[in-house]
Amino acid sequence: MSGTTQQSGVSSDVLAHYEPVIGLEVHLQLKTASKIFCACSTRFGDAPNSNTCPVCLGLPGALPVLNRGALALAIRAALALHCTIQERSRFARKNYFYPDLPKGYQISMYEMPLATAGWLEIPLDGATKRIGITRLHMEDDAAKNLHEGFPDSDRSSYIDFNRCGVPLVEIVSEPDFRSPEEAYAYLTTLKQVLEYTDVSDCNMEEGSLRCDANVSVRRRGTEKFGVKVEMKNLNSFRYLQRALEFEIERQIGVLESGGRIEQETRLWNVAVGQTEPMRSKEFAHDYRYFPEPDLLPVHVSENWKKEILAQMPELPAAKRARFLRDFQITPYDAGVLTATRALADYFEAVVAAGAPPKSAANWIQTELLRRLNDAGKEIDQSPIAPASLAALVKIVESGQITGASGKKVFAKMFESGGAPEQIIAAEGMTQISDSSEIERIAREIIEKNPDQLAKYKAGNEGVFKFFVGQMMRASRGQANPQLVNDILKRLLG
């Protein structure tokens, strides 16, 4: 957190006497083709209200039917987060009235959630910290309110029900975070795990991953929690971190001035960079939960759980450990290459095609990722196939072309998607390793530069780089660098 904040006027000395307590609630859209209780499509971007039916519109007499595929994905997510899957869980009606909720209630899980008592380890200052996960439960999403017009007197509001009934899981953490940085690390790690397991695309821009935060402050050394405030409208991990920083300092400022924290829900206003009141915080009894009468309790057999666990893909931490063990790359390289499952798969495909692991890691990080970033593309959009990159790496490693020429070939491969052998042949870039040819070029350059030769013989060894540069220029970068050095040293000596 900043030392002194303009909004609260709280000094760093005062901040040091308080400790924040943070818990996160993550809503995750499951990667299904249809909604949780009906067969309507979950496809994003379709015309408003085109993916609806009597069930997701809450029409009288329509009955929900649980999507088995959504349940399987929720179980997979829970197992990846080391949760205990409950043999029996149950849906409930969470009653509240809002325009985006056509039934007048949300179907969620309350006293009998799908999974409990999980954990996730996050990186923290070169070590790890274990964050507890209280529960993971399923629910259906609400519709989307759309507003247009300004000023408010001319404002119009619309509702798109396409999102209504989309399957969600809510992942509720323990209040184990003690800084906004820890919360950011948790969300980053959680998103990575969920993407690896393929339970969600985690696209925050499309609303597939949303997060609310509960935050309070207390005097350091005390165990009792302070009054918590819930924060919503956190549309990115960076916004969440900034909102937490602001809210922590705001609460400390209120307490230091003799005020009292009100339990409420606040929104993060991106434009002004501060949290603002939304409504008084509801309690569980405000929702009048009761068991959903139209859905049977959920039963997860031990055999089904084992079946889902057996199909679990390798998770990021295990993949990093294997990369370190099997490929002998650095921890930094392993961290970068396992950032996404697609990138890790690409790296392994390059190595499987014959490229040395360390060289493959270097080419992917220094050349491929840079160019993909500049082009605004993801790894699965790479114009260079893993086998083609492996072929280029092997050509460079064998000495057929220089590293500098290899980068030129790579650039042309990225532009055209062509094979390295074809580009090398078309451009005449094969490395010159004929010592007699290199010596001929060297003698010509030495004869043309008598002044530089005299400087070198007078003891100015820095001139040697001049001759190397002239050699590489004359050979268009194709001369074998080691032979160039050896022959020049012999001739100049």
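Points to keep in mind about this one:
- Reach of Lys455 by Cα under 19 Å, taken over lysines that are not fewer than 8 positions away in the same chain: Lys465, Lys489
- Three-way shape label, the range 19-303, alpha-carbon gyration tensor, a/c 1.5: oblate
- 3J(HN,Hα) along the range 339-349, derived from phi through the Karplus expression 6.51 cos²θ - 1.76 cosθ + 1.60 where θ = phi - 60°, amounts to 4, 10, 5, 5, 5, 4, 5, 4, 4, 5, 5 Hz, with x in place of Gly and Pro.
- For Gly226, residues with placed amide H under 5 Å, excluding near neighbours: Val217
- HN-Hα J in Hz across the range 190-204 - Karplus 6.51, -1.76, 1.60, θ = phi - 60°, x for Gly and Pro: 4, 4, 4, 4, 5, 5, 4, 7, 6, 8, 7, 7, 6, 7, 5
- Among (i) 22.5, 71; (ii) 30.4, 100; (iii) 36.5, 131, the entry derived from the coordinates for Rg and Dmax of the Cα atoms in Å: (ii)
- Ignoring lysines fewer than eight residues from Lys412 along the same chain, the ones with Cα atoms less than 19 angstrom from its Cα are Lys377, Lys394.
- Inter-part distance where the range 432-452 and the range 199-268 are each reduced to a Cα centre, Å: 69
- Restricting the range 154-221 to trypsin sites (Lys or Arg not before Pro) in coil, as DSSP defines it, with at most 11 other Cβ within 10 Å: Arg155, Arg220
- About its Cα centre, the chain has a charge dipole of approximately 820 debye under the convention of +1 per Lys or Arg Cβ and -1 per Asp or Glu Cβ, with nothing else charged.
- DSSP-loop GluC sites (Glu not before Pro) across the range 212-277, with at most 15 other Cβ within 10 angstrom: Glu223, Glu262
- The 3J(HN,Hα) values that the Karplus relation (6.51, -1.76, 1.60; θ = phi - 60°) gives for the range 133-140 are, in residue order, 10, 5, 7, 9, 9, 9, 6, 9 Hz. Gly and Pro appear as x.
- Spin-label pair Arg260-Arg440: with each label point 7 Å from Cα along the Cα-Cβ axis, the two points sit 9.6 nm from one another.
- About the Cα centre, charge dipole magnitude for the range 195-327 (Lys/Arg +1, Asp/Glu -1 at Cβ), debye: 680
- Partners for Lys94 among lysines (Cα-Cα distance below 17 Å; same-chain residues under 8 apart left out): Lys103, Lys281
- When the GluC sites (Glu not before Pro) in the range 422-473 are filtered for DSSP coil states and for at most 14 other beta-carbon atoms within 10 Å of their beta-carbon, the remaining sites are Glu461.
Readers should treat all values here as calculations from the given coordinates under stated rules, not as data from a laboratory. Here the structure is a predicted model, which is why all the values come from computation and not from measurement. Here the Cβ is made from the backbone with ideal geometry for all residues, glycine too, and neighbour counts use every protein chain on show.
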